[in-house]
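What follows is one structure encoded as structure tokens, with my remarks underneath.
Where a number appears in this text, it was derived from the coordinates with a stated rule and is not lab data. This is a predicted model, so every value here is computed, not measured. Positions of Cβ are generated from backbone atoms using ideal geometry, with glycine treated the same way; all protein chains shown enter the neighbour counts.
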């Protein structure tokens, strides 16, 4: 019974030995032992020369061949990227190299890409025509195409690579693309927000829920990168409202069925809300008087902790210290929480720093713009005491030039501790502009605008413009040139050539044509105060006077020339010139005619505006304008008089106010006027990015004072007034405004207008 198992084991042992010897004879003798390569045979090569393949593998006749050498050859051939498969065999000194070549790309084709041009997609791929195709690179390029489309919000995109085999082992690589629909954000919700509502937080972030009115923006398109930025916006918002410990715990975008939209959820941890208690200020610099700096921190203690206001206060400290010559001021901050009292103590410490002087100013990146154009924006020169405030002003001025897509102005340590180097790095952009515009208004009808402008002529910062404006009632052609630094001084100089034609048949039974030009000179009187001097020469022609026109118009038919000098002094403290919400601006213009020409008069205009933010997104504005013209030894011609109505006093037709001929009802213009307006602009409950605002307003004004004294003339200085409401829409293709106004105080012959509409665009 015991003999049988022993016999079986011995038999299996003999079989194992025989098998091992067979394997060794077959493989071990060829690979484990060293064998000389006597002959090399390459098989499977079609496009690549066999000698080239042998060279790639670094194979030489007579060299020893073993397992290590085999692996080296295979690795080197695969590393070329030319082969899909490599096999080696050695028998009786003959090394056979079998290769399967990767195909060569004939062309790369995209199908189904309607939203992105093929040229743009091709630039993003590794694989190009006349390159070797590999499976790995095809997979990588497929993923790259998916990523490109997902960045644009198309998460349902599908990309399928296809190969079309051609002669000589060439292929057409075809990417079949199903772009899918834009993945929108269907809903944005928040978890953990106790202090602020969901609607308030939706206004804070940039991403928006999909809605029909957002077709002009991409804010409702799902974008993971933008969601990360939204988290930062939320953090800043909470930090500016006293929530020091705020965190965005998570941001989750859940894709709905069909890959059509995402539901985004922000999970928040608001933390406690802190007030700012005591603020301490210390300095390691003996020359700094702390007491002189405390006023820069007023108004912060006792209020909710606000990181933005604290940063501004620190900037004020840095700016003041910069004025004193301390360039590299390091103000350290330390916040100590009192959890029980929900308050923080802010400690500010001015680290030790020496007074610093400007060693030199380096400018780089400007291939077209002259160095002098950039350098003249500095109030600092080599050798001057460094001033942070002046550096910031120069940075702002350089960026405001509009010549550069990027402009970086900073300081760096110089050759000594008390020296600094100012470095200006810019990236130029195109400064030539061709603008076309179109629009419509109830006053002028269809509008058109064509303009050509070069804002950096010959790299010298000069401004040259050609502009044409046309409507049914008025056509104007203008050429303008400005040298911003005349004679290398902070003085702007320029000239204008203007020709215009105005149809006044409806209100005054004549046409007006003007042609002329002018010289101007402008300079600064202070940070916000500016003066402009000018001389102009203009020829006015009153023509096409209707046979039934007023006798007071007929007598002025013909030509009149005006030669005048003048000035405009302006003081501007507005936060935004286009859509101000805070601040004020005042300007005074005086013109004296009589230096040659036919006209003799003195004309003055005063304009003022004041803007006050009332509540969030609500702005109360006050506007005042008045003008007066006085003839000197001569009556004022109709072409120089004022006309009032339309946009300046809503509720009245253009030129609907002022002296008239009682018989013909022709508007004659006036020598003096005033207008005033009070307006409250506010949102109407829709999202801010929609750009829809409403307003209520009241306008007042009057126009009177003709030189002629006749019973045939209606010349009343009575007050006119109107009230109304308006609606404005800042669309992506222009500003649309609709006003409804009713004239509350008017004279019998005044012409009114209840609805006024305007729309315009530039592209």
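Going by a ≥ b ≥ c, the root eigenvalues of the Cα gyration tensor, does segment 357-428 fall in the rounded group (a/c under 1.5), the prolate group (a/b larger than b/c) or the oblate group?
Verdict is prolate for segment 357-428.
Beyond 17 Å, the tail of the calculated P(r) for segment 104-178 holds 38 percent of the Cα pairs. Relative to the longest principal axis of the Cα atoms of the chain, helix 67-79 runs at roughly 20 degrees. Peptides 192-205, 645-658 ranked from most to least packed by the mean count of surrounding Cβ atoms within 10 Å: 645-658, 192-205. Spatially, segment 388-420 and segment 221-264 are offset by 35 Å when compared through their Cα centroids.
The packing ranking, built from the mean of other Cβ atoms within 10 Å per residue, places the peptides 537-546, 163-172 in the order 537-546, 163-172, highest first. If you line up the long axis of helix 224-239 against the longest principal axis of the chain, both from Cα atoms, how many degrees apart are they, to the nearest 10? Compared with the principal axis, the helix lies near 60 degrees. The convex hull around the C-alpha trace of segment 275-350, projected and averaged over every direction, spans 4.8 square nanometres.
Taking the centroid of alpha carbons for each part, segment 58-124 and segment 616-660 are 83 Å apart. Sorting the Cα pairs of the chain by distance into bins of 20 Å, from 0 upward, gives 11, 28, 30, 19, 8, 4, 1, 0 percent per bin. Counting only alpha carbon atoms, the long axis of helix 307-323 and the longest principal axis of the chain meet at about 80°. Mean residue ellipticity, 222 nm, helices only, the chain: the sum of -39500 (n - 2.57) across DSSP H runs of n ≥ 4, divided by residue count and rounded to 500, is -5000 deg cm²/dmol. The overall shape of segment 184-269, judged from the alpha-carbon gyration tensor, is prolate: a/c is not under 1.5, and a/b is greater than b/c. The protection proxy used here, the mean number of other Cβ atoms lying within 10 Å of each residue, ranks peptides 459-465, 554-560, 663-669 as follows, highest first: 663-669, 459-465, 554-560.
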